[in-house]
Amino acid sequence: MLVKLLSPSSPLLLTVFVSVSALAFALLNSTQPEPYMDEIFHVPQAVRYCEGRFGEWDSKITTLPGLYLFSVGVLRPVRTLWEGLAERAVNVSEVCTTANLRAVNLAISVLNFVILNRIVAQIHGGKHVSRKKIKLRARNVSLFQYYDEYKAALSAFNMSFFPLLYFFSFLYYTDVGSTFMVLLMYCLHLDGNDWMASAVGKSVRLDLDLHGR
């Protein structure tokens, strides 16, 4: 089900988005390799979780630990794979670096683009007959009565570059992950999977930072 929801309809735009984001990510990390702004709280807390110290918590942090737990779930397998390839023990500090933690957010931003594309299709795709069906039905149907997948992907592409969200795609902040969870919940609802949407809605509390705003 999730594979269907997260299948991009425009590989070209997805490639462009990933390429531009990767270049911007590399530039930011070369310019600002150390934790920036609130990362001075988020990065050390994520490192504690990477080290298995789940009972330690920085009282200055007002957000719930969803992003940190997700990061551990992503980076621990990376550490295991790294150890297998390098044939040596890999220290946590080598894996849970500021750059790698930021990379987790960058990956989520790519998922945001894909799921936005899906939501646009869910909202607008059902309003019009698809181009393929038009060709099968009749030749004299107005060209304005079909759903254009490329334009839908372009709309998602545009939304993915929303400055307030896109900026934080390159930093270790909770905004990108929180947005993904809300979008996923909405996407599942539009797809008719209300039980799954409800489950995601419950778990989204682990990542939303609204209570700290």
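Applying the criterion of at least 2 residues that are at pLDDT below 85 to the helices (runs of 4 or more DSSP H) found wholly in the range 114-188 leaves 131-137, 149-160.
Of all residues being surrounded by fewer than 15 Cβ atoms within 10 Å (Cβ to Cβ) and either in contact with a helix residue (DSSP H, G or I) (Cβ under 6 Å, 6 or more places away or on another chain) or at pLDDT below 90 (or both) in the range 7-30, which is farthest from ARG76 (Cα to Cα)? Just the residue, please.
As a first pass, look at the range 7-30 and keep what is surrounded by fewer than 15 Cβ atoms within 10 Å (Cβ to Cβ): 7, 11-12, 15-16, 19-20, 22-23, 26-27, 30.
If we keep only those that are either in contact with a helix residue (DSSP H, G or I) (Cβ under 6 Å, 6 or more places away or on another chain) or at pLDDT below 90 (or both) too, we end up with 7, 11-12, 15-16, 30.
Details: SER7: 26, PRO11: 29, LEU12: 31, THR15: 27, VAL16: 29, SER30: 24 Å.
Among those that are surrounded by fewer than 15 Cβ atoms within 10 Å (Cβ to Cβ) and either in contact with a helix residue (DSSP H, G or I) (Cβ under 6 Å, 6 or more places away or on another chain) or at pLDDT below 90 (or both), it is LEU12.
Residues of the range 197-210 that are at pLDDT 80 or above and surrounded by fewer than 17 Cβ atoms within 10 Å (Cβ to Cβ): SER198, ALA199. Residues in the range 55-76 that are out of contact with any helix residue (DSSP H, G or I) (no Cβ under 8 Å at 6 or more places or on another chain) and farther than 16 Å from GLY177 by Cα: 2 in all. The residue pairs whose first member lies in the range 38-54 and is without any contact (Cβ under 8 Å) to a residue 24 or more places away in the chain and surrounded by 14 or more Cβ atoms within 10 Å (Cβ to Cβ), whose second member is assigned to a helix (DSSP H, G or I) and not basic (Lys, Arg), and whose beta carbons are closer than 6 Å, counting only pairs six or more residues apart or on different chains, are GLN45/TYR68; TYR49/TYR68; TYR49/VAL72.
The values are calculated or read from the model by the stated rules, or taken from the named source; none is laboratory data. Quick caveat: nothing in here was measured; it's all calculated off a predicted structure. So basically every Cβ, Gly included, is an ideal-geometry build from the backbone, and we count neighbours across all protein chains shown.
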